[in-house]
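Peer 1: Encoded as structure tokens, here's the structure I'll be asking about.
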Amino acid sequence: MACPEPGCSGHIVPRRTRRGRVFYGCTNYPACTFSTWQRPVPRPCPQCQAPYLLEKTNRGQHLTLVCATKGCTYRETAEAASIA
């Protein structure tokens, strides 16, 4: 997935912290500091047109796609989303 930051030509890739926890960050680090703990899905938000959604897992291990934009309340269950 291409980095959603304006003017950045990098891609979002999985990375690991020193303790082994997985996060997702831009390949152009340190020039671009985009990072997130949830896996980004390259689908625009139907409500606010944000360029990506985040894949979240709750304690019951149910996948949900949520919008990363503050103020947007879009949620979608993974069964309806059919994530590739």
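The values are calculated or read from the model by the stated rules, or taken from the named source; none is laboratory data. Keep in mind the model is a prediction, meaning the values are calculated, not measured. Counting neighbours? That spans all protein chains shown, and the Cβs are built from the backbone with ideal geometry, glycine included.
Peer 1: Which members of segment 13-44 meet the condition of being hydrophobic (A, V, I, L, M, F, W, C) and over 20 Å from Glu76 (Cβ atoms)?
Peer 2: Passing the criteria: Val13, Val22, Phe23, Cys26, Ala31, Cys32, Phe34.
Peer 1: Considering only residues that are under 20 Å from Glu55 (Cα atoms) and among the hydroxyl-bearing types (Ser, Thr, Tyr), which ones fall in segment 6-26?
Peer 2: Thr17, Tyr24
Peer 1: Shifting gears a bit: Only residues that are modelled with pLDDT under 90 and out of contact with any helix residue (DSSP H, G or I) (no Cβ under 8 Å at 6 or more places or on another chain): list them for segment 53-69, please.
Peer 2: Hits for segment 53-69 are Lys56, Thr57, Asn58, Arg59, Gly60, Gln61, Ala68, Thr69.
This table checks each residue for (1) free of Cβ contacts under 8 Å to residues at least 40 places away in the same chain; (2) surrounded by fewer than 10 Cβ atoms within 10 Å (Cβ to Cβ).
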{"site": "Ile12", "(1), (2)": "yes, no"}
{"site": "Cys32", "(1), (2)": "yes, no"}
{"site": "Thr36", "(1), (2)": "yes, no"}
{"site": "Pro42", "(1), (2)": "no, no"}
{"site": "Cys45", "(1), (2)": "yes, no"}
{"site": "Cys48", "(1), (2)": "yes, no"}
{"site": "Leu53", "(1), (2)": "yes, no"}
{"site": "Asn58", "(1), (2)": "yes, yes"}
{"site": "Tyr74", "(1), (2)": "yes, no"}
